[in-house]
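Read-outs throughout are calculated quantities, based only on the coordinates presented, and are distinct from any laboratory measurement. Everything quoted here is computed from the prediction, not taken from an experiment. Positions of Cβ are backbone-derived with ideal geometry, glycine not excepted, and every protein chain shown enters the neighbour counts.
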């Protein structure tokens, strides 16, 4: 029997949790991207939710660095990433590429410990 794809709702994203530091927020970003990869039809909603949820003005209880702010704005850009410069790629492939790019930036920041 095949499982039906269930639509996520903004208030019950499986990656949502309390955040107390930038490293925890980076893990949150990674988990959000993983969730998006299994719910690509909700890419816009997930990007906007993550962007809003990690707003340092009122949503986070800790100060954030400029590097963190730049990573956060990647999620604003993911709301409407557009087409890749590679004209042979479909819109879905282009969007996947944009989300993978953001994931790479987040992983680099985690590895460097710069955020």
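Things to note:
- Acute angle (nearest 10 degrees) that the helix 66-77 long axis makes with the longest principal axis of the chain, alpha-carbon atoms: 20 degrees
- Cα-based helix-to-principal-axis angle, 91-112 vs the chain, degrees rounded to 10: 30 degrees
- Per the Kirkwood formula applied to alpha carbons, the chain shows a radius of gyration over Rh ratio, Rg over Rh, of 0.98.
- Pairs of Cα atoms nearer than 8 Å and 6+ residues apart set the relative contact order; for the chain it is 25 percent.
- Calculated over region 24-92: convex hull of Cα atoms, volume per residue (Å³): 93 Å³
- Folded to 0 to 90 degrees: helix 43-53 orientation relative to the chain principal axis, Cα: 10 degrees
- Taking 100, 12 and counting other C-beta atoms within 10 Å, the order from fewest to most: 12, 100
- Fewest-first ordering of 106, 30, 46 by other beta carbons within 10 Å of each residue's beta carbon gives 30, 106, 46.
- Dividing the C-alpha radius of gyration of region 71-115 by 2.2 N^0.38 Å, with N its residue count, gives 1.27.
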